[in-house]
1. Quick one: in the range 172-195, of everything that is within 11 Å of HIS208 (Cα to Cα), touching a residue at least 40 places away in the same chain (Cβ under 8 Å) and not polar (S, T, N, Q), which residue is surrounded by the fewest Cβ atoms within 10 Å (Cβ to Cβ)?
2. Restricting the first residue to the range 50-79 and requiring it to be over 23 Å from TYR118 (Cβ atoms) and of a type in the set (Gly, Ala, Ser), which pairs with a second residue that is assigned to a helix (DSSP H, G or I) and more than 8 Å from the ligand (Cβ to nearest atom) meet a Cβ separation below 9 Å and a spacing of at least six or different chains?
3. Go through the range 85-108 and give me each residue that's within 14 Å of the ligand (Cβ to nearest atom) and closer than 27 Å to THR3 by Cα.
4. Six or more apart or on different chains, Cβ under 6 Å: which pairs go from a residue in the range 197-217 that's free of Cβ contacts under 8 Å to residues at least 12 places away in the same chain to one that's part of a strand (DSSP E or B)? Could you list them?
5. Which ones in the range 9-46 are within 12 Å of THR81 (Cα to Cα) and either of a type in the set (S, T, N, Q) or loosely packed, with under 13 Cβ neighbours inside 10 Å (or both)?
6. Go over the candidates GLU32, GLU22, GLU15 one by one and state the one that is modelled with pLDDT under 95, more than 9 Å from the ligand (Cβ to nearest atom) and within 26 Å of ILE155 (Cα to Cα).
7. What number of residues in the range 148-178 are of a type in the set (Ser, Thr, Tyr) and either modelled with pLDDT under 95 or on the phi > 0 side of the Ramachandran plot (or both)?
8. Just need a number here: residues in the range 33-88 that are acidic (Asp, Glu) and touching a Lys or Arg at 6+ places or on another chain (Cβ under 9 Å).
Amino acid sequence: MDTPHYDHLTLQDYEKVYEPAEDTFLLLDAIEDDLEYLNTVQPGVCLEIGSGSGIIITALSKKFPNAVCLSTDINPWACNTTKRTSLRNKASVDPIRTNLTDNIKNNLVDILLFNPPYVVTTDEEMNQEKNFESDTTDNNLIFSWAGGVDGRRVIDTLIDKLDSILSPIGVLYLLVLKENKPKDIINRLAKNNFTANIFKERRIPGEHLFILKVMRC
Ligand SMILES: C[S@@+](CC[C@H](N)C(=O)[O-])C[C@H]1O[C@@H](n2cnc3c(N)ncnc32)[C@H](O)[C@@H]1O
């Protein structure tokens, strides 16, 4: 799977939008590693939550050109950047500015991807100046990384909505950090009738990253 071009993105873009980093490329690598399985899914609808620069959903769109590829982000600049990245790569992605999957029809998504804000912070730090109407750089970028207690606030919200998001054959690839307590996440998913396993992991300086692959039991 080719890494999409992102040479059109500038330093000014990265003042407002999360710059592709090790976590981004780990999620891309995981998708590439699981292409044999994903080909059997024959996805009709793919969705990346929190698409940032858009390179992950763009790569998926290139791989599955017949699928409807959607992305969401609470950051309007990220939605704009995702669209530009898809166009730069002659892919088809429709970005939606929304919280997680709000306003998207239930049980539609065959392949769901999320590299969430996973950094452990206080809830106060995470919620500071929370105002989706604001377009300022600071307000937008904090939501790229601040995850609240255990870095789990957004992750746990997604887990509790997952049953209404995934299609019957749907699969989620979720990036988490060791500090997010992956085993605890797997147990929480099991209580919601999902089976999850550690599909891929990578240690980088200061972080131990995991990709969880999640499906219905
Ligand atoms: C760690 S960045 C990942 C960006 C990109 N997917 C990547 O891997 O490079 C997390 C992204 O999620 C977005 N985000 C945070 N909370 C969100 C929410 N509740 N709903 C939608 N997007 C959210 C942020 O604005 C940011 O673009």
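1. GLU179
2. Taking only residues 6 or more apart or on different chains, the pairs are SER61/SER86; ALA67/LEU60; ALA67/SER61.
3. So the first thing to find is which residues in the range 85-108 are within 14 Å of the ligand (Cβ to nearest atom), and the list is 85-86, 93, 95-104.
Result: THR85, SER86, VAL93, PRO95, ILE96, ARG97, THR98, ASN99, LEU100, THR101.
4. Qualifying pairs under 6 Å: GLU201/PHE210.
5. Answer for the range 9-46, where residues must be within 12 Å of THR81 (Cα to Cα) and either of a type in the set (S, T, N, Q) or loosely packed, with under 13 Cβ neighbours inside 10 Å (or both): THR10, GLN12.
6. Values: GLU32 fails: modelled with pLDDT under 95; GLU22 fails: modelled with pLDDT under 95.
On inspection, the qualifying residue turns out to be GLU15.
7. So the first thing to find is which residues in the range 148-178 are of a type in the set (Ser, Thr, Tyr), and the list is 157, 164, 167, 173.
This time we only want the ones that are either modelled with pLDDT under 95 or on the phi > 0 side of the Ramachandran plot (or both), so: none.
Matching residues across the range 148-178 total 0.
8. 3
The values are calculated or read from the model by the stated rules, or taken from the named source; none is laboratory data. Keep in mind it's a predicted model, so treat the numbers as computed, not measured. In this analysis, Cβ positions are derived from the backbone assuming ideal geometry, glycine residues included, and neighbour counts consider all displayed protein chains.
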